[in-house]
1. With the structure loaded, tell me whether B:Ala64 is part of a helix (DSSP H, G or I) and at pLDDT 90 or above or whether it fails that test.
2. Got at least one residue in the stretch B:76-97 being within 14 Å of chain A (Cβ to nearest Cβ) and either closer than 18 Å to B:Leu328 by Cβ or buried (at least 17 other Cβ atoms within 10 Å of the Cβ) (or both)?
3. Does the stretch B:116-141 hold any residues that are surrounded by fewer than 18 Cβ atoms within 10 Å (Cβ to Cβ), within 14 Å of another protein chain (Cβ to nearest Cβ) and not basic (Lys, Arg), and which are they?
4. With respect to B:Ala369, is the statement that it is assigned to a loop (DSSP other than H, G, I, E, B) and closer than 22 Å to B:Gln303 by Cα true?
5. Could we say that A:Ala19 is at pLDDT below 95, within 12 Å of the chain's Cα centre (by Cα) and under 19 Å from B:Thr117 (Cβ atoms) here?
6. Would you check if there is a residue in the stretch B:169-176 being surrounded by 21 or more Cβ atoms within 10 Å (Cβ to Cβ), within 26 Å of B:Ser118 (Cα to Cα) and aromatic (Phe, Trp, Tyr)?
7. For B:Val391, are the conditions met, namely being within 14 Å of another protein chain (Cβ to nearest Cβ) and part of a loop (DSSP other than H, G, I, E, B)?
8. For B:Gly302, indicate whether it is of a type outside the set (Phe, Trp, Tyr), within 24 Å of B:Asp105 (Cα to Cα) and modelled with pLDDT of 95 or more.
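The values are calculated or read from the model by the stated rules, or taken from the named source; none is laboratory data. The structure displayed is predicted, hence computed values, not measured ones. We place every Cβ from the backbone using ideal geometry, glycine too, and count neighbours over all the protein chains shown. Each accessible area value is taken on the protein alone, full model and side chains, heavy atoms only, with ligands, DNA and RNA left out. Shrake-Rupley method; radii C 1.70, N 1.55, O 1.52, S 1.80 Å.
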Amino acid sequence: MKVVVDEEKCVAAGQCVAAAMDVFDQRDDDGIVVLLEENPPPELADDVRNAAAVCPALAIRITD
Amino acid sequence: MAETDTRTEPVVAAPDLEYPGERSGKCPFAPPAELLALHEDGKPVARARIWDGSTPWLVTGHAAQRAVLSDPRVSSDEKQPGFPHPTRAQAENAPHHPLTIFNADGAEHTRIRRTMTSPFTRNRMERLRPEIQRFTDELIDQMLDGPKPVDLVTALSLPLPSLMICALLGVPYEDHEFFQEHAAVANKRFKTADDDRRAMEALGGYLTKLLQQRMEEPAEDVLSDFAGRVTAGELTLPDATLLCMVLLIAGHETSANMITLGTALLLERPDQLERLRTADDPGFLANAVEELLRYLTIPHLGQRRVAREDIEIEGETIRAGEGIIVPLPAGNWDPQAFPEPEKLDLGRPARHHHTFGWGVHQCVGQQLARIELQVVFGTLFRRVPTLRLAVDREALEFKGDSLAYGVHQLTVTW
């Protein structure tokens, strides 16, 4: 699993951090998404898919 | 005269229903029945007649709501012709409204939004959890020490989010009567344009003064952050005032209604209340809050938009310049997304609800609201296990006339 985030699209809702805090964080000065783990391990796959699904700005893309 | 005689009337589409309807006395927690009927008729996109006689589109399906609210061809600019204003007061005042996160699109919206998001990151909100817990416990202590019955709105629902947003922004809580009163006017559906302007001016003057104080003497709070940006020339003082006003108003009315209405609902569903009281898994509690948010959907008047281009959606063509209303309660009760939506089930997966909106305008303060609700609902029923209504259920007055749905008073005892 490979994760790609689009900082331009991100609206700092924080949904991805709530869904998968080991994979996503937010920048301190504007809340924009920070990708901690570009290739998350399989045990986090469901959380990451959930994070992508609840991102209101559709800023998270997953490729296998 | 000849010109007048040959002029054609604007074409008004036949409406499927009048909007907004009322939540019914039969179940005031549920969305209006005529909205739910659209799901049964398989009409995720319909036409509604609103207060000014116009017939904007009404998007009620969960998937259709996501499509519309994340489509860049759909605008939030309330100054565009065809924009379906929720009230006469807002229609009259719209030309004078400054640019905010609510009415800006695209790059402008992103620019404004990014000045507001840093205080509300998930991790910062998590760090506030102990303080939210402390305020909650203190308010419940005071309630238990005081006379009963008591109105939960004044004892807990309104003070808790007010204390939190005050602490975060650096607004003195002693002024809460002043700003709660003006915020309540701003949230009224049937306000006059003059009342609305007066409330905004009063709050604006108050916050400008606080910002000026922080420019002189900065502290550790959000007002000081904004004051610092004014001093640095990154923001004007009126812009900073407006951002703080949005945060102050949105920061307490919404959570307050959710706490009161959620408590009223749970007191009627003892089986679900028991699951909540006895749950020792924070994951269950977090999801239970999502289900309460879904079920009650307190932002009940519908997000307003206007199409900038022709858009195909669910077999309908929304033409450029046509208004669009997205009633969030309807999406949250779409059986395609939430099977048996009328069933309150605190264990169902509910995180994909639309209570905080969807798309780039999704609520800035949602992570604060979530943690407040997790703490309150996780604490209140454990500490006051015998909590119950002290009046007849029929005596509850539901708030249909406010931008956030709720109950005016919740008299409880234990």
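1. When the stated conditions are applied, B:Ala64 passes them.
2. Yes: the stretch B:76-97 contains one or more residues that are within 14 Å of chain A (Cβ to nearest Cβ) and either closer than 18 Å to B:Leu328 by Cβ or buried (at least 17 other Cβ atoms within 10 Å of the Cβ) (or both).
3. B:Asn123, B:Glu126
4. The answer is no for B:Ala369.
5. yes
6. no
7. no
8. Taking the combined requirement at face value, the residue does not satisfy it.
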